[in-house]
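Please read the structure below before turning to the comments.
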Amino acid sequence: MKVGFASLGCSKNLVDSENIMGMLKAAGHILVADPRHADAIIINTCGFINPAKEESINTIFEMTRYADKIIVVGCLAQRYEKELRQEIPEITAVVPIRDYDKLPAILKDILEQEEEVPYLKQYRTVSGNPWSAYIKISDGCTNHCTFCAIPLIRGEQNSKLITEVREEAEYLASNGVREITLIAQDTTKYGLDNYGQLKLAELIRELDQVDDVHWIRILYMYPDEIEPELLEAMQSSKKVVPYFDIPMQHASNRLLKLMNRRGTKEDVLELTRKIRTMFPEAVLRTTVIVGFPSETEEEFEELLDFIKEVRWDRLGAFTYSKEEGTAASRLPMEIDEAVAQDRLNRLMAVQKEISHESNLKKIGKVIEVLVEEQEALTGRYHGRSIGDAPDDVDGQVIFTSSLPLELGTFVPVRVTDATQYDLIGIYEG
């Protein structure tokens, strides 16, 4: 059967999608990119914040125009299973995350397979560039930040075993993956639920032994769990890049407490100084929320000062989204949407200057770049440095070469110019 697939939301959702797509191919189905050619369509939905919910609903309605068999999975299915079944009768099946163990039987029935195919990572189909893949080292979260619905959707943290993660890395490497990005809702808490202690440092040492993997990147590192052993493991690793994604959310200690975030602004200032001392080429990335209930103008200014002091290389910012069922949704003193948007604009203006100044300092340096694309008209190449994650929120390196370069390879590039987010260069070969 010809099956279309729409994967929405975060990279953690993408890993689930790739596992399901692998199941489909193992069962003999043909994956089609054009929904008009599909006999059935699977939609892996996101239900994290309101815009993501709207995108998921709109996608479901759009896909009902093309196929009779519509299967909805993922976070929206987990959070609103009953509502989806009742309000969109065109849906053939709704499979929440908690029922993924039943997915093989459900797909066998709906897609008219002869046999069930298990939901295994060994079947996984990498849907993006074949040289780069995510590994989800744990699912769910036990942090219970007051603004976040993830524990309501995905449940408490559930870490994989170190042996399981290594097996997945070896499988991906054997299929041509050269860059692995470790993801979880909180990567630094990896192992605490099943080993009884933090195990990310040990996992790094284990993955360092996987042949053919060139870069290992770690996302979503909570500041209070970045311990000396973890920093030492990253420093001694041959493959882990010095990329520190540390979601802060705010700099006001009062608001951090309201958000149920552990640690203080002062703790993070000390941590970032330590990281930059240990890792001269460190890239620091963070995420912040503006317009959280009761945020004052003075606290917003404190956040701006904090950003200027740390000088984050990468920063993502969002206005607060009120999510039903979360503790923050019951907080008084909501911030006017126009005020929150104004603060977001002011914050990003500051960050653009910091990012541009940081990029300008790289002019003249030779950096390692993963080649990912070539422009058809100009012949210019596009790639990523250690400072650019594969989730389209960082910049890229745009460069020329007098020699043909193979996509998926790592090459030296001399930086000749810089924009606010991108680097311009020439192949130094």
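What follows is calculated from the coordinates using simple rules that are stated; it is not laboratory data. None of the values given here were measured: they were computed from a predicted structure. Cβ placement follows ideal geometry from the backbone for every residue including glycine, while neighbour counts extend to all protein chains displayed.
Candidate cross-link partners of Lys257 among the lysines, defined by an alpha-carbon separation under 16 Å and a same-chain spacing of 8 or more, comprise Lys265.
Assign unit charges at the C-beta atoms only (+1 for Lys and Arg, -1 for Asp and Glu), then state the dipole size of the chain relative to its Cα centre in Debye, rounded to the nearest 20.
On the way: 49 positive and 72 negative charges, 69 e Å.
Computed about the Cα centre, the dipole is about 340 debye.
Close amide H partners of Leu182, meaning residues 5 or more places away or on another chain with modelled amide H under 5 Å apart, are Ile135, Arg217, Ile218, Leu219.
With the convex hull of the Cα atoms taken as the outline of segment 162-277, the averaged projected area works out to 7.4 nm².
Subtracting the Cα-Cα distance of Asn50 and Glu309 from their residue separation scaled by 0.36 nm leaves 90.0 nm. Take every pair of alpha-carbon atoms less than 8 Å apart whose residues are at least six positions apart; their mean separation over the length of segment 291-387 yields a relative contact order of 29 percent. Orientation-averaged projection of the chain equals 21.3 nm² [convex hull of Cα atoms, one quarter of hull surface area].
Normalised by the number of residues in segment 207-279, the average gap of Cα pairs under 8 Å and 6 or more apart makes the relative contact order 34 percent.
If I take R0 = 51 Å and measure r between the Cβ atoms of Thr416 and Lys102 in this structure, what FRET efficiency does the formula 1/(1 + (r/R0)^6) give, to the nearest 0.05? About 0.40, to the nearest 0.05. Straight-line reach from Lys274: taking Cα to Cα under 17 Å and skipping same-chain neighbours fewer than 8 places apart, the aspartates and glutamates in range are Asp224, Glu225, Glu227, Glu229, Glu232, Asp245, Glu266, Glu309, Asp313.
Counting alpha carbon pairs within less than 8 Å and at least 6 residues apart, what relative contact order, in whole percent, applies to the chain? Let's see the in-between values first.
Working: 831 pairs, mean separation 42.2, N = 429.
Reported relative contact order: 10 percent.
Placing +1 on the Cβ of each Lys and Arg and -1 on the Cβ of each Asp and Glu in the chain, which of Ile289, Ala52, Ala6 has its Cα farthest towards the positive end of the resulting dipole? Of Ile289, Ala52, Ala6, it is Ile289.
In this structure, the amide hydrogen of Ala317, modeled 1.01 Å from its nitrogen in the peptide plane, lies closer than 5 angstrom to those of Val288, counting only residues at least 5 positions away or on a different chain. Database remark: amide H of Val95 closer than 5 angstrom to the amide H of Val72, Val73 (H placed geometrically; neighbours at sequence offset of 5 or more, or on other chains; Pro and chain starts carry no H).
Working ranking of peptides 255-267, 43-55 by packing, defined as the average number of other Cβ atoms within 10 Å per residue, highest first, is 43-55, 255-267. Counting lysine pairs in segment 2-121 that sit 8 or more residues apart in sequence, or on different chains, and whose Cα atoms lie under 26 Å apart gives 28. Of the peptides 401-410, 419-428, 182-191, the order by per-residue mean of other Cβ atoms within 10 Å, starting with the highest, comes out as 182-191, 419-428, 401-410. Listed by chain and number, the aspartates and glutamates whose alpha-carbon sits under 13 Å from that of Lys136, ignoring those within fewer than 8 places in the same chain, are Asp16, Glu18, Glu164, Glu167, Glu168, Asp186.
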